[in-house]
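Please read the structure below before turning to the comments.
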Amino acid sequence: MNSPTTARDSSSPTRIVARSSMTDWIRACGLSGLAGMKIDKEELRRRLSMPQYLRLAMLDSIKKKDVDGGDEHFRSRSSDYDATVPQSPIVVFINSRSGGRHGPVLKERLQQLISEEQVFDLLDVKPHEFVRYGLACLEKWGNNGDICAKETRRNIRVVVAGGDGTVGWVLGCLGELHQKGRDPVPPVAVIPLGTGNDLSRSYGWGGSFPFAWKSAIKRTLHQATTGPICRLDSWHVVLQMPGGEVIDPPHSLKATEDCHFDQTLEIDGGIPDKVNCYEGVFYNYFSIGMDAQVAYGFHHLRNEKPYLAQGPITNKIIYSSYSCTQGWFLTPCVSDPSLRGLKNILRIYIKKARCSEWEQIPVPRSVRAIVALNLHNYGSGRNPWGKLKPEYLEKRGFVEAHADDGLLEIFGLKQGWHASFVMVELISAKHIAQASSIRLEIRGGEWKDVFMQMDGEPWKQPMSSDHSTFLEIKRVPYQSLMINRE
């Protein structure tokens, strides 16, 4: 699929084409574009670093979880102190556990290039703490007349060093600024440290980071300050399940008191007296079925035996091997409900583009996994929706896909061999629909549970044979801001 339009000019879309891993690697190493450009370390630090009093004030506010926690650093400045406004202030969130053994080394290198106080290890500082206390500290003193604090808050950008889940976590927390009218919202660049890194690939940051190239981090930081800003749709998920059932939700899914569904589509059948509700947000994809089951098994294996997960390549080998043990490559078996198509347990309702009416769409009989995709990258840079010709788009009633068009592309995967051919882009996935809203109704029968995932975070969803589980997806009214490397 194609890239989002830039935030500065929504009328001029920029195209991003799916790239090979080798091309990603070459670009990440800086062998194209900036290859001949030498970036001076001290000049870079001068542009990125905030004045010390701002760094310390922001950090103390975060540590104390108090907007006023850093006030002493403003008061202790001498009256003739002349703070230089940073040209391109940046803060970095790093998941030091990602990237195998390279995480701690990268953290140290970032601290050397910027400053120790502007690099936050997610083990110590959470993104919502930065939003609620760190940025709020800058806003407070900017409103009180501190020009440096005001300009730093206005120009600040965020770099996330981690996988897609980490990037989504940071984007979700920055979304609080939208909700509370605290503009501007900082845009986000990515240093890819995860396994799939599909969000990173979609905005030109590559599928892996070249740790062997010391100059790569300087180039990445430079490009994070100069890259154009693009818009990204985000999607709100509401899950309602019968009370009494227990799930272990991923970080992206939080328990909530009430479920707010679109009232224009009535829920058929009775609703139990007690229900459990969850909500969350995803940026790349939601899926249900066998692909989520494989992801669930892989995550549990990695958590139980962390010594097996030493980096992206090792993870992909384990992931591929694990998929062979889950029935993904076996012919659907009548005696085992877990190997049957989703048609047995699932109803899908959608709203199409520019349409306010819900309609039920058929679930293809052979499909064992259904994916709702926002970006053109899925499964480590693959494009399962495919590059569709204008004639086909018109015939199916589809439109050309973008990451900021308010639509999700819904496709199905049959069994492992079909999925394999899709992933090497020999064929496209089974196109089902494009939708601006989706509702899934799931009921068990012989099935006791089904697997789901959002942006690579899977969970096991129990099902009842007496009452349905409902899941509704609709677009968040505001868009996230990403920095495009190109």
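Observations, loosely collected:
- Summing Lys and Arg as +1 and Asp and Glu as -1 over all other residues whose Cβ lies under 13 Å from the Cβ of residue 438 gives a net charge of +1.
- Aspartates and glutamates with Cα under 16 Å of residue 180, excluding same-chain neighbours fewer than 8 positions away: 129, 139
- The stretch between residue 245 and residue 52 holds 64.3 nm of extra length on full extension. This uses 0.36 nm per residue minus the Cα-Cα distance.
- Applying 1/(1 + (r/R0)^6) with r as the Cβ-Cβ distance of residue 143 and residue 476 and R0 = 22 angstrom yields a FRET efficiency of 0.20.
- Paramagnetic reach from residue 87 in the stretch 106-125 [backbone N under 16 Å; point 7 Å along Cα→Cβ]: 114
- The simple Förster model, with R0 at 51 Å and r as the Cβ-Cβ distance, assigns residue 343 and residue 39 a FRET efficiency of 0.40.
- The modelled label-to-label distance between residue 357 and residue 266, using points 7 Å beyond Cα along the C-beta direction, is 1.7 nm.
- Between residue 72 and residue 108, the contour length at 0.36 nm per residue exceeds the Cα-Cα span by 10.2 nm.
- Simple spin-label estimate for residue 182 and residue 254 in nanometres, 7 Å along Cα-Cβ: 1.4
- Candidate lysines - alpha carbon under 16 Å from residue 395, same-chain residues fewer than 8 apart omitted: 352, 387, 430
A short reminder: the numbers here are calculations on the coordinates, not readings from a lab. It should be emphasised that the depicted structure is a prediction, and the values quoted were computed from it without experimental measurement. Heads up, the Cβs are rebuilt from the backbone with ideal geometry, glycines too, and the neighbour counts pull from every protein chain shown.
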